[in-house]
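See below for the structure under consideration.
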Amino acid sequence: MSVKTEMPVAPAETVPSLAMVMAEAERRPEADARQRLTTEVLLSVEGVSLSFGGVKAISDASFDIRKGEIRAIIGPNGAGKTSMLNVINGFYFPQQGVITFKGEKRREMRPYFAATSGISRTFQNVALFKGMTTLDNMMAGRTLKMNKGLFWQALRVGPAVAEEIRHREVVERLIDFLEIQHIRKVPVGKLPYGLQKRVELGRALAMEPELLLLDEPMAGMNLEEKEDMSRFVLTINQSLGTTIALIEHDMGVVMDLSDRVVVLEYGRKIADGTPDEVKSDPKVIDAYLGVSH
Amino acid sequence: MTALSIAIPGGIGAILAGLMFTLLRGDRKSAIDLAVHIFLAVVMAVFLAFLAAKAIDNPGGFLEILVGGLLSGVLYSLVALGFVLIFKASGVFNYAQGAMVLVAGLALVRSLDFLTASGVATVVAVPLAILFSGAVMALCAFVIEKWVLRPLLNQDGLTLFMSTIGATFVLEGLAQMVFGSEVYPLKLFPTDPMILLESVFPGGILVNKLDVWGGVIAGVLVAALALFFQYTKTGRALRAVADDHAAAQSVGIPISWIWFIVWLVAGIVALVAATVWGTKLGIQFSIVFLALKALPVLIIGGFTSVPGAIVGGLIVGAGEKLAELYIGELIGGGIEYWFAYVLALAVLLVRPQGLFGEKIIERI
């Protein structure tokens, strides 16, 4: 298992357009899975501490996410996993520590900066625009890619229309990929939970992110839905080359999907490595089974 | 009075009240609720039956009052619309909406006066004055977003509400300091009455042209806003922010820009309201009390619903005029001033979220 990380592969020069890659993915479903792994670090978190008043959510946590990998963040409830995603994505500002994304060091992220520089995410308790249709939700994910001025939009002529159509095409491809054609025009508030999660993934993907943060993408799903979601996650990672960091409680899923796992407990990192290494780490076993020392 | 002339309006009243009872009740089913709802339904049935009797008696006169009431309700709708837009997008109950109508009106009428006084032709002066007052509203939106809302981001709703009360006084004071504090007549629309449907009803229906203009302009404005929200990227972003702040941020929607746009749109709505109102009564300080009339409209329509603001405004407009004329002659006048609040109270008892509002369910 550890061999795969040492395969030296040149990083992709440019990020191909989503539409192109989706077409590619349909033609060649079994992309060379192992080629995607590099040792290039996409994001690193160093010595991050975050507290709310007297409560320490994260204390001195450091880890990195390499380009092209699926990185799992696991840990018992209250371990600070979601807080960590919120730090990476700029919702929370850590008191200490440095976040480096694509070589750029920052004390804290800002949501807008995170989004513009290529980080997108989903939320633990689905945060969709409930009154809007599936299509509109996903089009909202294209906001940053669309840049025609308010004036043209208001008049609905010329460049704004062409732009709308172009982005609509990308979104339609995504909808095909996620197999949600039948709910394109349904307000998402009316959809069952499993489908909402899928739409949310679609919205995050519509941003064509370099780093995709998934907060418990399979929580509350049945086996079939979990299998679908796992398949989507793998395809996104392998065909689009999107780096993925995910929080998940289902250990089977984590072990199957992820390349490396970081384990948090009470805001501290207690283990970091391949699924096999982590699985056999006594500290992790203790944390999960609650063995006293 | 024949039996039939009581039975028909009585039947109409009962059917309408029964319909409202079943449609609006929702799932509040305790015994006390039921008693209150039945009581309100009976009162409503009597009121509606009474109106129906009047309508059958003199259809032309009834229609005249109804149309007049609906058209004056348009103004309430406009002010309520400004509230709803801001409340939806930023969760702020903007007490300053009335002050914004005043600012817009003063900017418009004073710049128009200035331009015509310096010899600019009316055809040029009116668009220029509208542009100028639009720019003033944009400045207001910018200042409020930057110095009031942004520093208070993620604060409690009550804090934000208090800050808008502060903004109200600042806006009122500044506007009167800059533009003056007298009553300024605004002549943009014809105000003479006209008579409609003369062939159908004896004497026809008397309608004020200004009210018709107001109705048309408000209709166009609402349609334009609806299209903008539905079909443009910025409109989509606005709806997204209204639904979920965090999610909107996560897809890179710049929240402060969106807030600016929302306040600007609310400012433009205020400008339209000021234009119509000002032509009727002149631009003067008492415009700010329009905001108080918008409150029952919002309670009736629901704080989060654009159609609610429009329907609520029409209900209040028509309801108070009908009540004033038909009940007023029985129990004395002045009903117009409190009828809207009684209506709002009844809606609160039956449907606290308003006719179109979202029901808020919180986990406890």
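Taking Cα pairs under 8 Å and at least six residues apart, what relative contact order does chain B come out at, in percent? Present the calculation step by step, with values, prior to reporting the outcome.
Working: 535 pairs, mean separation 102.8, N = 364.
Taking the mean separation of contacting Cα pairs over the length of chain B, I get 28 percent.
Kindly provide the pair-distance distribution of the stretch A:59-120 built from C-alpha pairs, with 5 Å bins from 0 and whole-percent values in order of increasing distance.
P(r) for the stretch A:59-120, in whole percents per bin: 4, 16, 28, 29, 18, 5, 1.
Roughly how big is the protein assembly as shown's charge dipole about its Cα centre, with Cβ charges of +1 (Lys, Arg) and -1 (Asp, Glu), in debye to the nearest 20? Could you put the intermediate results ahead of the total?
Numbers: 56 positive and 59 negative charges, 118 e Å.
Using only the charged Cβ atoms, the result is roughly 560 debye.
Only Cα pairs under 8 Å and at least 6 apart count here; give the relative contact order of the stretch A:130-208 as a rounded whole percent.
On the way: 76 pairs, mean separation 42.2, N = 79.
Relative contact order for the stretch A:130-208 comes out at 53 percent.
Could you run the Debye sum over the Cα atoms of chain B, one equal point scatterer each and no solvent, and tell me log10 of I(q)/I(0) at q = 0.07, 0.09 Å⁻¹, two decimals?
Each listed q corresponds, in turn, to -0.35, -0.57.
Could you work out the mean count of beta carbons from other protein chains within 10 Å of each residue's beta carbon in B:237-243? Present the calculation step by step, with values, prior to reporting the outcome.
Values: counts 5, 0, 6, 11, 2, 3, 10.
Averaged over the peptide's residues, the number is 5.
Need the list of aspartates and glutamates near B:Lys321 for cross-linking: C-alpha distance under 15 angstrom, and skip anything on the same chain fewer than eight residues off.
Straight-distance partners of B:Lys321: B:Glu64, B:Asp211, B:Glu329, B:Glu336.
Other chains near A:128-141: what is the mean number of their Cβ atoms within 10 Å of each residue's Cβ?
Working: counts 4, 11, 4, 8, 6, 0, 0, 0, 5, 6, 1, 4, 12, 6.
Whole-number average of other-chain Cβ neighbours for A:128-141 is 5.
Compute and list, largest first, the equivalent-ellipsoid semi-axes of the protein assembly as shown from the alpha carbon gyration tensor, each √(5λ) rounded to a whole angstrom. All intermediate terms of the calculation are to be shown ahead of the outcome.
Working: eigenvalues 627, 170, 109 Å².
Equivalent-ellipsoid dimensions as semi-axes: 56, 29, 23 Å.
Taking B:Lys187 as the anchor, which lysines have their alpha carbon closer than 16 Å to its alpha carbon, excluding any fewer than eight residues away along the same chain?
B:Lys209, B:Lys280
Toward the positive end of the charge dipole of the stretch A:130-208, about the Cα centre and with charges on Cβ (Lys, Arg +1; Asp, Glu -1), which of A:Ala206, A:Met138, A:His167 goes farthest?
A:Met138
What does the charge add up to near A:Pro187, with Lys and Arg as +1, Asp and Glu as -1, over the other residues with Cβ less than 12 Å from its Cβ?
Working: positive: A:Lys130, A:Arg184, A:Lys185, A:Lys190, B:Arg239; negative: A:Asp136, B:Asp243.
Result for the local shell: +3.
Which of B:Val222, B:Val42, B:Val276 has the fewest other C-beta atoms within 10 Å, and how do the rest follow up to the most?
Details: B:Val222 19, B:Val42 14, B:Val276 24.
Listed from fewest to most nearby Cβ atoms, that is B:Val42, B:Val222, B:Val276.
Report, in whole Å, the centroid distance computed from the Cα atoms of the stretch A:62-98 and the stretch B:157-205.
53
Can you put B:Asp211, A:Asp259 in order of Cβ neighbours within 10 angstrom, beginning with the fewest? The partial results should precede the final answer.
Details: B:Asp211 24, A:Asp259 20.
So the residues, fewest neighbours to most, are A:Asp259, B:Asp211.
Based on Cβ point charges of +1 for Lys and Arg and -1 for Asp and Glu, what charge dipole magnitude is obtained for the stretch A:130-208 about its Cα centre, in debye rounded to the nearest 20? Don't jump to the answer; show the numbers that get you there.
Details: 14 positive and 9 negative charges, 41 e Å.
Around 200 debye, computed over the stretch A:130-208.
Let me know the shape class of the stretch B:128-182, please: from the alpha-carbon gyration tensor, a ≥ b ≥ c as square roots of the eigenvalues, rounded when a/c is under 1.5, otherwise prolate if a/b is greater than b/c, or oblate. Before the final figure, lay out each step's value.
Details: a/c = 3.56, a/b = 1.69, b/c = 2.10.
Because a/c hits 1.5 or more and a/b fails to exceed b/c, the stretch B:128-182 counts as oblate.
For the stretch A:130-208, what size does the Cα cloud have along each of its three principal axes, sorted from largest down, in whole Å?
Result, largest extent first: 38, 22, 19 Å.
Charges at C-beta only: +1 for Lys and Arg, -1 for Asp and Glu. How large is the resulting dipole of the stretch B:149-249 about its Cα centre, in Debye rounded to 20? List each step's numbers first, then the result.
On the way: 6 positive and 8 negative charges, 80 e Å.
Here the stretch B:149-249 has a charge dipole of around 380 debye.
Report Rg (one decimal) and Dmax (nearest whole number) for the stretch A:193-266, counting Cα atoms only, units Å.
That works out to 11.9, 35 Å for Rg and Dmax.
Sort the stretch B:1-153 into rounded, prolate or oblate with this rule: let a ≥ b ≥ c be the square roots of the eigenvalues of the Cα gyration tensor; rounded if a/c is under 1.5, and if a/c is not under 1.5, prolate when a/b is larger than b/c, oblate otherwise.
Note, shape of the stretch B:1-153 comes out oblate.
Based on DSSP H runs of at least 4 residues, each adding -39500 (n - 2.57), what is the mean residue ellipticity at 222 nm of the protein assembly as shown after dividing by all its residues, to the nearest 500 deg cm²/dmol? Show your work: numbers first, answer last.
On the way: 25 runs with 373 residues, N = 657.
Helix contribution divided over all residues of the protein assembly as shown: -18500 deg cm²/dmol.
Output wanted: per-residue J couplings in Hz (rounded whole) for the stretch B:233-245, from phi through Karplus 6.51 cos²θ - 1.76 cosθ + 1.60, θ = phi - 60°, x for Gly and Pro.
For the stretch B:233-245, the Karplus-derived couplings read 4, 5, x, 4, 4, 4, 5, 4, 4, 4, 7, 7, 4 Hz, x marking Gly and Pro.
In the protein assembly as shown, with Lys and Arg counted as +1 and Asp and Glu as -1 at Cβ, which of these residues, B:Ala246, B:Phe229, B:Leu171, has the Cα nearest the positive end of the dipole, that is, farthest along it?
Of the listed residues, the answer is B:Leu171.
If you take the charge dipole of the protein assembly as shown about its Cα centre, with +1 on Lys and Arg Cβ and -1 on Asp and Glu Cβ, which of B:Ala346, B:Met44, B:Ile86 is farthest toward its positive end?
B:Ile86
Which entries of A:Lys130/B:Lys293; A:Lys56/A:Lys130; A:Lys81/A:Lys283; A:Lys67/B:Lys88 show an alpha-carbon separation above 28 angstrom in the structure shown?
Numbers: A:Lys130/B:Lys293 31 Å; A:Lys56/A:Lys130 33 Å; A:Lys81/A:Lys283 17 Å; A:Lys67/B:Lys88 40 Å.
Long pairs (Cα-Cα over 28 Å): A:Lys130/B:Lys293; A:Lys56/A:Lys130; A:Lys67/B:Lys88.
Distance between Cα centroids, the stretch A:224-293 to the stretch A:161-198: provide it in whole Å.
29
Counting other C-beta atoms within 10 Å, which of A:Ser258, B:Ser181 has the fewest, and how do the rest follow? Spell out each step's value before the answer.
Values: A:Ser258 24, B:Ser181 13.
Least to most surrounded, the residues fall as B:Ser181, A:Ser258.
Each value in this text was obtained by applying a stated rule to the coordinates, not by laboratory testing. Keep in mind that what you see is a predicted model, and the values were worked out from it rather than measured. A quick note on method: Cβ atoms are made from the backbone with ideal geometry, for glycine too, and the neighbour counts reach across all protein chains shown.
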